[in-house]
Amino acid sequence: MQKTLLLVDGSSYLYRAFHALPDLRSPDGAPTGAIYGMINMLRRLRHDYPAAYMACVFDAKGKTFRDDLYPQYKAQRASMPDDLRLQIEPIHEAVRIMGWPILMVDGVEADDVIGTLAVDAVKHEMSTVISTGDKDLAQLVNPYVMLINTMSNEKLDRDGVIAKFGVPPERIIDYLTLVGDTVDNVPGVAKVGPKTAVKWLTQYDTLDGVIANAANIGGAVGENLRQALDWLPQARTLITVKTDCDLASHMASIPESLTQKPEDQAAMVDFFTRYGFKSWLRELTGNPTAGARPLPAAPAHAATAAVQAGLFEHGADAQAATHPPLRQYETVLTEAQLSAWLARIDQADLTSIDTETTALDPMTAQMVGISLCSEPGVAAYIPLAHRYQDAPPQLSRDRVLTVLKPWLEDPTKAKVGQNLKYDAHIFANHDVALRGIVHDTLLESYVFESHKSHNMDSLALRHLGLKTITFEEVCGKGAGQICFDQVAIERATEYAAEDADITLQLHYAMWPEIRKDAGLTHVYEKIEIPTSVVLQKIERNGVSIDRALLSVQSHELGTRLLALEQQAYTLAEQPFNLNSPKQIGEIFFDRLKLPVIKKTPSGAPSTDEDVLQKLAEDYPLPKILLEYRGLSKLKSTYTDKLPKMVNPATGRVHTNYAQAVAVTGRLSSNEPNLQNIPIRTAEGRRIREAFIAPPDGVIMSADYSQIELRIMAHISGDANMLRAFADGIDIHRATAAEIFGVAASDVSSEQRRYAKVINFGLIYGMSAFGLAGNLGIERAAAQNYIDKYFARFSGVAQYMADTRAQAKARGYVETVFGRRLWLPEINSPNGPRRQGAERAAINAPMQGTAADLIKLSMIAVQDWLERENLQSKMIMQVHDELVLQVPESELALVTENLPALMAGVAQLKVPLTAEVGIGKNWDEAH
DNA sequence: CTGCTAGCATA
DNA sequence: GTATGCTAGCAGA
């Protein structure tokens with residue numbers, strides 16, 4: 001094999017080049033980023049992989065066999081952005097005039113053309129290099145075919161494929177069939193990801209082996225596999241790249257038709273002029289200053305600044321943007337370096353900042369180093385506290401923080417980071433108040449694509465096509481994990497400086513996308529960024545916990561649990577672990593022969609609360625177990641755990657609010673979760689007695705009343721519902737009056753209870769089946785209620801229909817404030833999944849708008865507290881409730897203003913109301 | 001030691 | 001019937 005064939009998967013690079021580069025413009029304002037990226041890539045490829053034969057392959061028009069086989073093929077894919085569409089023709093033109101043979105075959109995808117050529121090349125004794133960003137093509141790799149990804153510089157030969165995927169190339173089709181391809185909307189087996197797929201293929205060798213053994217695979221994934229058995233052959237066909245396409249009519253012969261043609265220099269001069277690629281132009285026209293010049297930091301900075309200022313339309317040099325990937329990373333060890341960097345960031349329009357620490361817990365972690373970046377590709381790492389044998393002398397933490405403090409605390413010095421809430425805590429741990437947080441890439445990603453992952457490694461891959469160094473690669477994992485202060489400073493610089501660099505680049509990739517939409521921009525700038533600043537303060541405030549009280553409760557619960565345990569053993573006539581659903585199942589259903597009411601998803605008889613409730617009607621043991629479960633949950637999750645979470649330094653509990661987890665826009669709370677403290681049962685409520693006020697103050701709780709139903713009234717505009725809220729009457733009573741056709745004053749408590757369940761069901765996108773289950777009535781009866789409801793509240797019925805339609809047409813729904821909530825499965829061919837997405841679509845605008853409103857409340861309240869210089873502090877948020885600690889001296893003022901602030905954050909078609917409670921502890925405050 | 005299931009706390 | 005996080009048990013490393 002002497003000769004090489006170089007094949008470029010042009011279609012896969014289009015999107016990547018488009019998204020990886022800033023919004024470059026030609027002198028007359030046309031978008032040029034993708035054109036620039038594509039030309040740059042082809043130039044580098046030809047340099048790095050000199051080949052006798054070559055071709056650039058694009059998808060062409062026309063339906064392919066895959067569309068016929070599977071109408072949903074690529075159905076998830078958003079239509080091509082206009083700015084990219086405009087660049088397609090110029091890209092084809094550029095490829096042609098650069099002398100590359102170009103292949104587009106109507107009705108055949110680029111992948112299949114490439115597959116066919118790669119197989120053909122072997123017959124002509126050529127080896128093939130395929131340049132692609134698409135992992136699917138790994139199935140083509142063999143001793144004569146390898147893949148390269150020019151964006152990540154990754155090379156995949158046979159060993160590379162095995163290293164990356166865990167299976168050899170000949171198993172890639174099987175692997176992808178199991179995992180599925182979300183990009184092309186080809187589902188695999190539900191809940192099967194790379195790990196399970198590799199496990200199965202290792203165990204059963206091939207997909208056919210896995211299918212043959214489907215009956216032997218346990219658990220929920222086993223069931224999912226069996227569900228997918230009919231589908232898998234079709235998925236395999238879709239995923240298999242064709243290697244036998246008829247290309248005869250499109251080229252005279254291989255290899256002759258795939259030789260490089262001479263560059264059309266005149267056309268190139270014209271082309272580069274038209275699109276403003278000045279340095280390539282200089283190179284062509286023999287200008288002595290061009291060509292030899294490497295791409296240093298300065299032009300990169302100039303380009304970035306130009307992008308920020310929107311100057312590209314005026315013909316700035318697009319070429320100086322980002323390529324080649326620059327990694328000018330500096331370790332700052334001297335005062336002189338520190339001064340130089342301070343001067344740099346002080347001048348910069350925007351600086352990305354990242355801290356390395358000793359721990360994940362933001363309240364106790366100590367700073368190990370700081371990284372900074374103000375120009376893509378040029379970053380600094382300032383090690384402060386690396387402590388290992390022979391670690392070089394570092395600038396002291398105190399010294400560096402003293403030098404940087406004025407800049408860090410200056411609200412006019414704009415900062416960006418990935419989850420700056422964390423870094424703000426770290427700085428606060430060292431008495432620095434981070435200000436000037438104007439951007440956060442975590443929140444940009446969350447606002448832009450709520451349903452995708454937001455960690456930096458996946459963001460870098462998705463938006464920049466770059467593979468980053470992971471924390472695990474640097475520090476290891478599990479028991480073998482080392483603290484960052486043990487990492488060699490050279491290695492730490494590569495990792496930490498990259499983080500700051502990538503963060504800045506991610507910002508330049510995502511921010512222009514958000515800016516295109518006024519709603520997203522509003523949600524990001526006016527809700528998420530200010531919320532993150534408020535959250536950091538709430539987390540830092542923490543909440544005071546009465547450890548002694550919890551300890552007493554733990555003890556009491558322990559005693560009662562012990563007694564229940566003994567009673568259970570007696571009734572079962574043997575000891576068993578009451579915490580083990582498996583052992584309970586054996587006792588109940590094998591030994592005592594109790595009836596099986598329902599099964600868990602994996603097929604075992606269920607022992608959940610509903611089942612035990614039912615069985616308790618006829619048997620004594622389930623009743624004991626119910627009580628045991630309830631008390632055991634209280635003890636293990638709350639009374640035992642909360643005292644352990646008290647921060648020794650502050651004497652308070654500091655939860656972490658995750659701002660980019662819930663796909664609806666809600667916050668979530670962890671370590672500990674303070675959003676699921678019991679309230680429904682008297683036993684559980686006692687936990688809240690341990691959330692106490694400071695000696696001179698009270699706990700104040702303010703919650704929005706019926707917020708989601710109010711939002712439903714607002715969005716749907718339903719006249720009956722709007723009137724009920726306008727009149728300020730009990731909404732469940734009003735609903736019952738409508739459904740049952742009686743006067744509001746004649747609604748029975750039973751009727752009100754039904755109406756309440758129906759109202760909640762509506763918020764959750766209920767079905768007759770679900771309502772029946774909840775009310776314990778026949779399905780037909782439930783349907784009857786739903787029909788009556790929709791007859792009386794026709795605006796709500798219309799809203800439900802409109803929301804479903806919008807979700808299906810656009811793939812997302814919106815909150816009142818323009819937050820987008822994506823529903824990837826809304827057009828899934830899988831019925832249950834699709835229906836699940838439909839219910840989520842109904843619920844999301846209400847839950848999401850409520851989330852927007854309370855975030856606005858938090859911003860307004862914090863702003864007011866600071867403006868008035870009050871001592872009152874927000875200490876918790878529980879979705880529709882804000883909890884504050886308020887000194888006695890401010891009690892009257894805050895009681896009056898808090899609900900008014902919350903009610904006033906938005907003017908909807910219905911009034912918003914917030915109810916306030918006060919007490920010495922959280923239980924009393926309700 | 002890791003990942004999964006069942007069960008259950010909240011809005 | 002929406003959205004989360006945490007615990008214990010358990011199976012396979």
- Task: Tell me, please, whether a residue that is over 30 Å from A:Ser453 (Cα atoms), β-branched (Val, Ile, Thr) and out of contact with any Asp or Glu (no Cβ under 9 Å at 6 or more places or on another chain) can be found in the stretch A:659-671.
- Result: no
- Considering only the stretch A:49-60, state which residues are closer than 17 Å to A:Val145 by Cα and either within 36 Å of the chain's Cα centre (by Cα) or not assigned by TED's automatic domain parsing to the domain that holds A:Asn153 (or both). A:Cys56, A:Val57
- Task: May I ask you to verify whether A:Asn774 is within 16 Å of DNA strand B (Cβ to nearest atom) and either of a type in the set (S, T, N, Q) or not assigned by TED's automatic domain parsing to the domain that holds A:Glu825 (or both)?
- Result: yes
- Query: Of the residues that make up the stretch A:835-843, is at least one touching a strand residue (DSSP E or B) at 6+ places or on another chain (Cβ under 7 Å) and within 13 Å of DNA strand C (Cβ to nearest atom)?
  - Reply: yes
- Message: For a quick check of your reading: which helices (runs of 4 or more DSSP H) sit entirely within the stretch A:520-615 and have at least 3 residues that are within 15 Å of DNA strand C (Cβ to nearest atom)?
- Response: A:547-572, A:581-585
- Message: Would you confirm, using the coordinates I've provided, whether A:Leu908 is surrounded by fewer than 20 Cβ atoms within 10 Å (Cβ to Cβ) and in contact with a His (Cβ under 6 Å, 6 or more places away or on another chain)?
- Response: yes
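To keep it simple, each residue is scored yes or no on (1) closer than 19 Å to A:Gly417 by Cβ; (2) buried (at least 17 other Cβ atoms within 10 Å of the Cβ); (3) hydroxyl-bearing (Ser, Thr, Tyr).
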site	(1), (2), (3)
A:Val447	yes, yes, no
A:Leu464	yes, yes, no
A:Tyr508	yes, yes, yes
A:Thr521	no, no, yes
- Message: Taking the condition of being surrounded by fewer than 23 Cβ atoms within 10 Å (Cβ to Cβ) and part of a helix (DSSP H, G or I), how many residues in the stretch A:406-425 meet it?
- Response: 5
- Checking A:Leu775, A:Leu771 in turn, the sole residue that is touching a Gly at 6+ places or on another chain (Cβ under 8 Å) and within 15 Å of DNA strand C (Cβ to nearest atom) turns out to be A:Leu771
- Message: Looking at the structure I just gave you, is A:Ser701 farther than 30 Å from A:Ile729 by Cβ, among the hydroxyl-bearing types (Ser, Thr, Tyr) and buried (at least 17 other Cβ atoms within 10 Å of the Cβ)?
- Response: no
- Message: With within 16 Å of DNA strand C (Cβ to nearest atom), of a type outside the set (Phe, Trp, Tyr) and modelled with pLDDT of 95 or more as the only criterion, which of A:Val910, A:Val878, A:Val905 stands out?
- Response: A:Val878
- Message: From the list A:Arg540, A:Arg560, exactly one residue is modelled with pLDDT of 95 or more, within 30 Å of A:Gln675 (Cβ to Cβ) and more than 16 Å from DNA strand B (Cβ to nearest atom). Which is it?
- Response: A:Arg540
- Query: So which pairs qualify, if the first residue must be in the stretch A:635-663 and part of a helix (DSSP H, G or I), the second must be of a type in the set (D, E, K, R), the Cβ gap must be under 8 Å, and the two must be at least 6 apart or on different chains?
  - Reply: A:Pro643/A:Arg547
- Message: When the residues of the stretch A:420-473 are narrowed to those that are β-branched (Val, Ile, Thr) and away from DNA strand B (no atom under 16 Å from the Cβ), which ends up farthest from the chain's Cα centre (by Cα)?
- Response: A:Val432
- Pull up the stretch A:633-656, narrow it to residues that are out of contact with any helix residue (DSSP H, G or I) (no Cβ under 7 Å at 6 or more places or on another chain), over 17 Å from A:Pro362 (Cβ atoms) and of a type in the set (S, T, N, Q), then point me to the one that is surrounded by the fewest Cβ atoms within 10 Å (Cβ to Cβ). A:Ser636
- State all residues of the stretch A:664-683 that are more than 8 Å from DNA strand C (Cβ to nearest atom) and not in a loop (DSSP other than H, G, I, E, B); if no residue qualifies, say none. A:Ala682, A:Glu683
- Note on the structure: Scanning the stretch A:368-423 for residues that are more than 14 Å from A:Ala343 (Cα to Cα) and of a type in the set (Gly, Ala, Ser) gives A:Gly369, A:Ser371, A:Gly377, A:Ala385, A:Ala391, A:Ser396, A:Ala414, A:Gly417
- Query: Does any residue of the stretch A:621-632 turn out to be within 16 Å of DNA strand C (Cβ to nearest atom), surrounded by fewer than 21 Cβ atoms within 10 Å (Cβ to Cβ), modelled with pLDDT of 95 or more and part of a strand (DSSP E or B)?
  - Reply: no
- Item | Positions within the stretch A:758-769 being within 13 Å of DNA strand B (Cβ to nearest atom) and not in a loop (DSSP other than H, G, I, E, B), in sequence order | A:Phe760, A:Gly761, A:Ile763
- Query: Regarding A:Val119, is this residue under 18 Å from A:Ile173 (Cβ atoms) and more than 35 Å from the chain's Cα centre (by Cα)?
  - Reply: yes
- Query: Any idea which residue in the stretch A:656-676 is farthest from DNA strand B (Cβ to nearest atom), counting only those that are over 15 Å from the mean Cα position of the chain (by Cα) and over 16 Å from A:Asn419 (Cα atoms)?
  - Reply: A:Glu671
- the stretch A:759-806, residues that are over 17 Å from A:Asp718 (Cβ atoms) and charged (D, E, K, R): A:Glu778, A:Arg779
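The values are calculated or read from the model by the stated rules, or taken from the named source; none is laboratory data. What you see is a predicted model, and the numbers here were worked out from it, not measured in a lab. Every residue, glycine as well, gets a Cβ built from its backbone with ideal geometry; the counts of neighbours run over all protein chains shown.
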